[in-house]
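The structure under discussion appears below in the form of structure tokens.
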Amino acid sequence: MMPIVLTHYMPWFVAKPFRAVWGWHWTMNTFNPERQVSGKESQDKREIASHYYPLIGPYDSGDPAVLEYHLLLMKLSGIDGVIVDWYGLSDHLDYPILHQNTITLLKIAVKLGLKYAICYEDQTIPRLVEAKKLAATERVAHARRELSWLQQNWLREPGYVHLTGKPLLLSFGSDGLTDSEWSEVLSSKPGAPLYFSEHRKRSAATGRFDWPIPKDFPTSLDRFYHPQERQEQLIPVAFPRFHDCYAEGKAQATLGVISDDNGKTWKATLERALKSGADVIQLATWNDWGEGTGIEPTVEFGYRDLEVLQKLRGKKADLALPLRLYRLRQRVAPKAELDTVAQLLASGATSSAASLLKQVEQNGASS
């Protein structure tokens, strides 16, 4: 049985002209996207907090045209859906923007026929306590409220990823809730989700998921595939590289580097994950530009990583079609016709989509 292939998605990018400012994930308070990068063949690049450059340039995660472009690329390359990095409902830092962007993303994902799941960033809870927006005694109650909201709004929807009849839920790291707190949160929930924790299996978790560890690669990957518990469920990870921008952005020390190795890292981790027998695999990531793990098309690599995925998933489609649609969305073009193109691409009717795209492009050129 083929696994469900989900890609980890960051909804946290804020950019002009969609919004009035450039957000931290493009600047890290050091880089200036208003400034052009000097150097060979880089005159059209903005200065951003990344060693790599999006094919469409830096973007805002709330822009529906960007989200459509991303999701259609996923569909054409053999990705079944997204795992969204979700920071909860609190009015703190940029959490409200991330939440609203996630709402927009999931609406478009459903429309285009992709699945979705949530990775809950419970590290938000100690941050809220530190900011005096949450009492330390309310940590578990806060997490229960957020999980209740998820259950009432997303987890029960048809597009949400379910395994053995239960909705899938992930959480990152161990800087948020403790093991005992996670047990409290989930024990009180009827119809509790199928919970996976990062790297190690928490006491309340069904299993664990992997993530790149630059300073322990490839040992960490080998260790993940040989669990101590025979019945433990695993969500393997595939990734193309790891090359963060934290030191250059003066955000923190670098976490280390995993070489791209001319595409060999991506192909090896992806093939291993697909052959693992796991029900779900996670691609890390679609668009973490700060850590350099994205498989979203770039100026440096083009569509290379998605083409590898296409081949392994037995898909054939012109990956440039979503970009052509995105470019037309930026111009004055017939919205109804472009909406039709999007639905044709989502349904796999790429030849019809290409014909309609060409027609709209020619009409635009002649007007």
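The values are calculated or read from the model by the stated rules, or taken from the named source; none is laboratory data. As the structure is a computational prediction, the values presented were derived from the model and not from experiment. Note: ideal-geometry Cβ built from the backbone for every residue, glycine included; neighbour counts use all protein chains shown.
Each residue in the range 112-160 was checked for being surrounded by fewer than 20 Cβ atoms within 10 Å (Cβ to Cβ), within 14 Å of Gly176 (Cβ to Cβ) and among the polar types (S, T, N, Q), and 1 pass. Scanning the range 83-109 for residues that are touching a Pro at 6+ places or on another chain (Cβ under 8 Å) and assigned to a helix (DSSP H, G or I) yields Leu98, Asn101, Thr102, Thr104, Leu105, Ile108.
All conditions in (1) part of a loop (DSSP other than H, G, I, E, B); (2) exposed (fewer than 15 other Cβ atoms within 10 Å of the Cβ) hold for Ala251, with the sole exception of (2).
Taking the range 180-193 on its own, how many of its residues are modelled with pLDDT of 90 or more and either exposed (fewer than 15 other Cβ atoms within 10 Å of the Cβ) or not assigned by TED's automatic domain parsing to the domain that holds Leu150 (or both)? Break it down stepwise before answering.
Kept after step one, since they are modelled with pLDDT of 90 or more, are these residues of the range 180-193: 180-186, 193.
So of that shortlist, the ones also either exposed (fewer than 15 other Cβ atoms within 10 Å of the Cβ) or not assigned by TED's automatic domain parsing to the domain that holds Leu150 (or both) come out as 180.
Residues meeting the conditions: 1.
Do you know which of the residues in the range 328-353 that are loosely packed, with under 13 Cβ neighbours inside 10 Å and aliphatic (A, V, I, L, M) is modelled with the highest pLDDT? Across the range 328-353, the extreme among qualifying residues is Ala336.
The lone criterion from (1) at pLDDT 90 or above; (2) over 19 Å from Leu73 (Cα atoms); (3) surrounded by fewer than 13 Cβ atoms within 10 Å (Cβ to Cβ) left unmet by Glu361 is number (3).
Does Arg208 satisfy being closer than 22 Å to Ala141 by Cα and within 24 Å of the chain's Cα centre (by Cα)? It is false that Arg208 is closer than 22 Å to Ala141 by Cα and within 24 Å of the chain's Cα centre (by Cα).
Of the residues in the range 37-52, at least one is at pLDDT below 95, outside the structural domain of Ala342 (by TED's automatic domain parsing), of a type in the set (Ser, Thr, Tyr) and not in a helix (DSSP H, G or I).
Report yes if some residue within the range 66-80 is in the same structural domain as Ala143 (by TED's automatic domain parsing), surrounded by fewer than 17 Cβ atoms within 10 Å (Cβ to Cβ) and not aliphatic (A, V, I, L, M); otherwise report no. Explain how you work it out, then say what you get.
First, pick out the residues of the range 66-80 that are in the same structural domain as Ala143 (by TED's automatic domain parsing): 66-80.
Now narrow it down to the ones that are surrounded by fewer than 17 Cβ atoms within 10 Å (Cβ to Cβ): none.
Taking every residue of the range 66-80 in turn, none turns out to be in the same structural domain as Ala143 (by TED's automatic domain parsing), surrounded by fewer than 17 Cβ atoms within 10 Å (Cβ to Cβ) and not aliphatic (A, V, I, L, M).
Do the conditions hold for Asp63, that is, is it acidic (Asp, Glu) and touching a residue at least 60 places away in the same chain (Cβ under 8 Å)? For Asp63, the condition - acidic (Asp, Glu) and touching a residue at least 60 places away in the same chain (Cβ under 8 Å) - is not met.
Taking every residue in the range 314-326 that is in the same structural domain as Leu345 (by TED's automatic domain parsing) and surrounded by fewer than 18 Cβ atoms within 10 Å (Cβ to Cβ) and pairing it with any residue that is outside any loop (DSSP other than H, G, I, E, B) and modelled with pLDDT under 95, at least 6 positions away or on another chain, yields no pair with a Cβ-Cβ distance below 6 Å. Selection over the range 124-143 of residues that are over 12 Å from Gly88 (Cβ atoms) and either modelled with pLDDT under 95 or small (Gly, Ala, Ser) (or both) gives a count of 4. When Pro167, Pro227 are checked against the criterion of being within 23 Å of Gln282 (Cβ to Cβ), in the same structural domain as Gly88 (by TED's automatic domain parsing) and under 20 Å from the mean Cα position of the chain (by Cα), a single residue qualifies: Pro167. Total residues in the range 203-243 satisfying the condition of being in contact with a strand residue (DSSP E or B) (Cβ under 8 Å, 6 or more places away or on another chain) and farther than 20 Å from Gly277 by Cβ: the figure is 7. Take the conditions (1) under 17 Å from the mean Cα position of the chain (by Cα); (2) under 23 Å from Gly62 (Cβ atoms); Gly78 misses just one of them, which is (2). So, Glu307, is that one charged (D, E, K, R) and assigned by TED's automatic domain parsing to the domain that holds Met74 or not? The answer is yes for Glu307.
Give the range 156-206 a look and list any residue that's of a type in the set (Phe, Trp, Tyr) and within 21 Å of Asp80 (Cα to Cα), or say none.
First, pick out the residues of the range 156-206 that are of a type in the set (Phe, Trp, Tyr): 160, 172, 182, 195-196.
Matches in the range 156-206: Tyr160, Tyr195, Phe196.
For first residues located in the range 158-185 and over 27 Å from Thr137 (Cα atoms), partners that are modelled with pLDDT of 95 or more and among the basic types (Lys, Arg) and lie 6+ apart or on another chain with Cβ distances below 9 Å form the pairs Gly159/Lys115; Tyr160/Lys115; Val161/Lys115.
Yes/no per residue for (1) in contact with an Asp or Glu (Cβ under 9 Å, 6 or more places away or on another chain); (2) farther than 17 Å from Tyr52 by Cβ; (3) exposed (fewer than 15 other Cβ atoms within 10 Å of the Cβ); (4) of a type in the set (Lys, Arg):
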residue: Lys215; (1), (2), (3), (4): no, yes, yes, yes
residue: Tyr225; (1), (2), (3), (4): yes, yes, yes, no
residue: Gln233; (1), (2), (3), (4): yes, yes, no, no
residue: His243; (1), (2), (3), (4): yes, no, no, no
residue: Ile258; (1), (2), (3), (4): no, no, no, no
residue: Ser276; (1), (2), (3), (4): no, yes, no, no
